[in-house]
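The values are calculated or read from the model by the stated rules, or taken from the named source; none is laboratory data. Since we're looking at a predicted model, the values are computed, not measured. Glycine also receives a Cβ, built like all others from the backbone with ideal geometry; neighbour counts cover every protein chain displayed. All accessible areas refer to the heavy atoms of the entire protein, side chains included, with ligands and DNA or RNA removed. Shrake-Rupley method; radii C 1.70, N 1.55, O 1.52, S 1.80 Å.
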Amino acid sequence: MTELFDAVLFDRDGTLVVDVPYNGDPALVEPMPGARAALDRLRAAGLRIGVVTNQSGLARGRFTAAQLDAVNRRVEELLGPFDDWQICPHDDEAGCSCRKPAPGMVVAAAEALGTTPARCVLVGDIGRDIEAAQAAGAAAILVPTPVTLPGEVAAAPAVAATIEAAADLILQRDALVTPSSRRKAGTVLVVRSDSAGDVLVTGPAIRAVAAGAERVVMLCGPRGRRAAELLPGVDEIVESRLPWIDPQPGPVDTDEMTALIDLLRRTGADEAVVFTSFHQSALPLALLMRMAGIGRITAISEDYPGALLDVRHRGVPVGLPEPERARSVAAAAGFALPAGDDGRLRVTAASRRGPGEYVVVHPGASCEARSCPPATLRRIVDALAAAGHRVLVTGGPEERHLAAYVAGTDGEQVGRTSMAELATVLAGAKALVVANTGPAHLAAAVGTPVVSLYAPTVPYGQWGPYRVPSVRLGEAAAPCRDSRATTCPVDGHPCLSTIDPAEVVAAVARLAAPAEIAEAAA
């Protein structure tokens, strides 16, 4: 086991061994280049190794169970032993919960390996593998082959050129969140001055700091205050606007900066850990912290920090999930999550209870480019209701009219809620249907599955729902991809307006599978 993962699951054909369609002959088994070396490195790191494989040839009579067993024994002769095998013998018409992209085998493998999907990563070569992992709440890495579709590559949260590169990425991600030595500290000031979603994804890193600190004070901005109030591990909150972080910044005011220096001094912090997104700089705040007398400052900085940072964290790969990016900063400062903390997002307000009683649709988003068109959302609400779901439509104080339109006659509009109240609503849901915005991360924090209507303006692997069952919908290869646009640059918003409501209904059904599997097992 490592800090980040307990187990790695592999697709068989096209990932571990060369794909021979409907192979029942052990003599035809040929390992993919580098597969044995990659597996041995992962085993040496203490990770459990499993296989999750669709084998519809059984249902279609293309080979026998004995032949399949012989092929799998040959795979182990060539690649070493596996800790678990999960095999789906059905074809597409069976409607089973195990055939990928359904999550059943991932859930079953995690249980057999003594862990949870959130502590697993699946490596596969096609979109079905990645979708199964995400629907279970596991991490996923795509290793493309000639049969992999371009759209599958665009939609994958992480892509590696080879199976050896996938092993490198798994071990690198773990190394980033693992401190070289763990420290104990007095009062630590942690900083994330962003919106609610940004604050929520920093939660695991803040819990890591709290595990080694006597007291944690959090500095946040007004847009993230309500989320900060829900984070475990925070003992005190101080609030200040940082004009170099705000998306609509005002002028830098001398009196405000003088007041901020005084505020920082009054926290009594012995040290500070500054969390930023990849496009932000920690250096302006580090200068003010130095002026406030804070003694040890840790932050990411590709720019030369001079005397502003004591621990300059560098080398964080582009596209790393934001919670892990933040945890890597905490690890650089010497802090790690305590034993038993699985690293998921978490809030104090609520947690998931049972399989859920309704579907929540949240139509708002933090910027126009990430918003699903209201007409599309209204059709989605109608389709969900027609499929027999009770549908609640939520919205912020300025989204009452939007929520009312999207709810139409088939949805139920939820009145104004605080963030804590919204967390409670989400905790009782079967799933949340939402764009890339704060409530998606709030749903992840309470353990509720997410149907992510995701505009690809920023990388999905970095900002998608973290360690919670999810289905990504929308055109991943749209022209706005990685543009960071806040206003849609393409007429008609094609990345989201083309979502078929039937896709959302199917996604909700797929996300219900893990809960149904767990209920059946109980």
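Packing here is the average count of other Cβ atoms within 10 Å per residue, and on that basis the peptides 364-375, 146-157, highest first, run 364-375, 146-157.
Heavy-atom accessible area, probed at 1.4 angstrom with all protein chains present, ranks 244, 463 as 244, 463, highest first. Within the chain, the cysteines lacking any other cysteine Cβ closer than 4.7 Å to their own Cβ are 96, 120, 220, 367, 372, 480, 488, 495. Computed from point charges on the beta carbon alone (+1 for Lys and Arg, -1 for Asp and Glu), the dipole magnitude for region 9-81 about its Cα centre is near 180 Debye.
Show me the ranking of peptides 442-451, 466-475 by mean Cβ neighbours inside 10 Å, starting with the highest. Walk me through the numbers before you get to the answer.
Working: 442-451: 28.9, 466-475: 24.8.
Final packing ranking: 442-451, 466-475.
222 nm [θ] for the chain, helices only, -39500 (n - 2.57) per DSSP H run of 4+, per residue, to 500? Mean residue ellipticity, 222 nm, calculated: -10500 deg cm²/dmol. Bridge orientation summary for region 1-150: considering DSSP beta bridges with both residues in this region, about 5 percent are antiparallel. Between residue 219 and 190, 191, 192, 238, the built amide H atoms are under 5 Å apart, and every one of these is 5 or more places off in sequence or on another chain. Peptides 400-413, 162-175 ranked from most to least packed by the mean count of surrounding Cβ atoms within 10 Å: 162-175, 400-413. Projecting the Cα positions of 419, 395, 451 onto the charge dipole of region 391-469 (unit charges on Cβ atoms of Lys, Arg, Asp and Glu, taken about the Cα centre) puts 451 furthest along the positive direction.
How big is the dipole moment of the chain about its Cα centre under a simple scheme where the beta carbon of each Lys and Arg is +1, that of each Asp and Glu is -1, and everything else is neutral? Debye, nearest 20, please. Before the final figure, lay out the partial values.
On the way: 48 positive and 60 negative charges, 169 e Å.
Dipole of the chain, to the nearest 20 debye: 820 debye.
The H on the amide N of residue 412, modeled in the peptide plane, is under 5 Å from the matching H of 391, 392, 393, each at least 5 residues off or on a different chain.
At 0.36 nm per residue, minus the direct Cα-Cα distance, what do residue 490 and residue 41 gain on full extension? Give it in nm, one decimal, please. If you can, show how the numbers build up before the last one.
On the way: separation 449, 0.36 × 449 = 161.64 nm, distance 4.49 nm.
Length gained between residue 490 and residue 41: 157.2 nm.
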